[in-house]
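J.: Sharing a structure here in structure tokens format.
The values are calculated or read from the model by the stated rules, or taken from the named source; none is laboratory data. The structure displayed is predicted, hence computed values, not measured ones. In this analysis, Cβ positions are derived from the backbone assuming ideal geometry, glycine residues included, and neighbour counts consider all displayed protein chains.
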Amino acid sequence: MSAWYNKSMAFPGELNINYYKGDTYDFNLYPKTTDGLSFNLENYSVIFTIAEFRGGVGLSTQVQAYASIINNDHIACKIRPSDGRQLSAGTTYIYDVQITNSATSPATIYTIITGTIAVTDDVTGAV
């Protein structure tokens with residue numbers, strides 16, 4: 001590797017999720033630099049978006065699931081039952097979790113993780 005190369009991020013990662021509609025599905029993300037150190041999330045905001053399509057297509061049907069930065073070192077993500085009610089069973093969605101630091105100019109934006117969400121219908125308390 002040349003000395004001029006300085007890639008400090010070890011993401012985006014990929015995680016494919018099997019989601020049981022009506023349940024809570026939660027996971028934590030611990031972003032790292034390429035040398036394995038914790039990525040400092042201070043001054044960053046986070047968003048967890050679920051959609052049927054990538055890009056601007058279907059913006060009105062995107063679901064904003066729960067995401068929060070905890071202790072500036074990890075991200076807690078959650079598909080809540082209320083989020084799941086907006087998803088159709090039998091459909092495979094795509095998602096990403098993205099962080100933004102608006103304190104930099106221009107803003108620094110990274111996609112931490114992406115993947116698919118396959119939705120299975122609930123039996124008990126089906127909605």
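J.: Would you mind telling me which numbered condition in (1) of a type outside the set (Val, Ile, Thr); (2) in contact (Cβ under 8 Å) with a residue 12 or more places away in the chain; (3) part of a loop (DSSP other than H, G, I, E, B); (4) on the phi > 0 side of the Ramachandran plot Gly55 fails?
T.: The single condition Gly55 does not satisfy is (2).
J.: List every residue pair whose Cβ atoms sit under 9 Å apart, with the two residues 6 or more apart in sequence or on different chains, where the first one lies in the range 94-123 and is at positive phi and surrounded by 15 or more Cβ atoms within 10 Å (Cβ to Cβ) and the second, anywhere, is at pLDDT below 90 and not polar (S, T, N, Q).
T.: Gly115/Gly13
J.: Which condition breaks for Ser82 when tested against (1) loosely packed, with under 14 Cβ neighbours inside 10 Å; (2) within 15 Å of Gly13 (Cβ to Cβ)?
T.: Unmet condition: (2).
J.: Mind listing just one residue for me: the one in the range 1-47 that is of a type in the set (Val, Ile, Thr), modelled with pLDDT of 95 or more and not in a loop (DSSP other than H, G, I, E, B) and, of those, nearest to the chain's Cα centre (by Cα)?
T.: Kept after step one, since they are of a type in the set (Val, Ile, Thr), are these residues of the range 1-47: 17, 24, 33-34, 46-47.
From what's left, modelled with pLDDT of 95 or more: 17, 24, 46-47.
Right, trim to not in a loop (DSSP other than H, G, I, E, B) and you get 17, 46-47.
On the way: Ile17: 11, Val46: 8, Ile47: 7 Å.
Ranking the qualifying residues of the range 1-47, first place goes to Ile47.
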